[in-house]
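Structure first, then comments.
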Amino acid sequence: MSSNSKETASRQRDSEVLADLLQLMCLERLEENLFRGESRDIGSNRVFGGQVLGQALSAATRTVAERVVHSLHAYFLRAGDMEAPIVYEVDRSRDGRSFTSRRVVAIQHGRPILNLAASFQRVEQGLEHQVDMPDVPLPEELPDSRHYNREIVSKMPEKMRRYLSIQRPFEFRHVEQRDLFKPQKYSPRQHVWFRALGSLPDQPELHRNLLAYVSDYNLIGTAVLPHGVSYLHGKLQMASLDHAMWFHREARLDQWLLYVLDSPSASGARGLARGQVFTRAGTLVASTAQEGLMRLWPERPADG
């Protein structure tokens, strides 16, 4: 296949993967406050937490008019089943003059897998300030992590090979380049550029839902960096426990955004990570926080 043919085929795959994500965010309305969503396999044995987060926000947004989400707080209760649909039940907690509150329960097999609370606000003008974006290399100066994954995928166990082989709807470029096979103890900070694989519709609520979706990538992994361990070695169990997010300003997910991540603490088999999302121009558009399980299994003694 010629280079032009390969490039055309690659763009076609990117377009299909992104279109599938947009379809994933379009929930089926079952009743006034009930919605149903599907799941997609990202190479793990459970539903991606960011998918449930984005769909739950989408469900809440479908019950709100003329107001914009400014924060959400969610708890991941159970691992999701990729083979079963997810039902989202929205409780219209409050519709005030300026703020609207919604609670969403994501349900599978009759049991909740996620609880989410979201608050929406009538657009207002007020005092403004923000922190500065860190000075880091631009995304064009960094390698595409998808290409890096293809180079190392053949060396990995089957489980991880499958996880890294599945194409994501977002492109990621890591400022800090680290060897997953030779983990070292690093500072609990990282910077990741990301954007969708293609153009997105001019629908601000869709971009907010997608930002919730993608914000689950790389977040809790930041808390592992100081400990010199890797999920590739099979001794580390990781799972998101909760997720909080604040939306400060509008952003387009088909343009480069910088995710600035740090972890101030780990204890009790849990790690805490925080994130800030900046546009390329340096505008702070969102902040995140997440606590996750970080359980390190002990080494098994060798036989004999």
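Quick note: the coordinates plus some simple rules give every number you see, no bench work behind them. Predicted model only: the values in this text are computed from it and were never measured. Using ideal geometry, Cβ is built from the backbone for each residue, glycine included, and neighbour counts are taken over all protein chains shown.
The table below gives the values:
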read-out	value
Given the chain, longest segment not containing exposed loop GluC sites (Glu not before Pro) (DSSP; at most 11 other Cβ within 10 Å)	129-298
Cα centroid separation - the range 271-292 against the range 115-138, whole Å	9 Å
Relative contact order for the chain, counting Cα pairs under 8 Å that sit 6 or more residues apart, in percent	17 percent
Loop trypsin sites (Lys or Arg not before Pro), the range 258-301 (other Cβ atoms within 10 Å of the site Cβ: 14 or fewer; DSSP)	Arg280
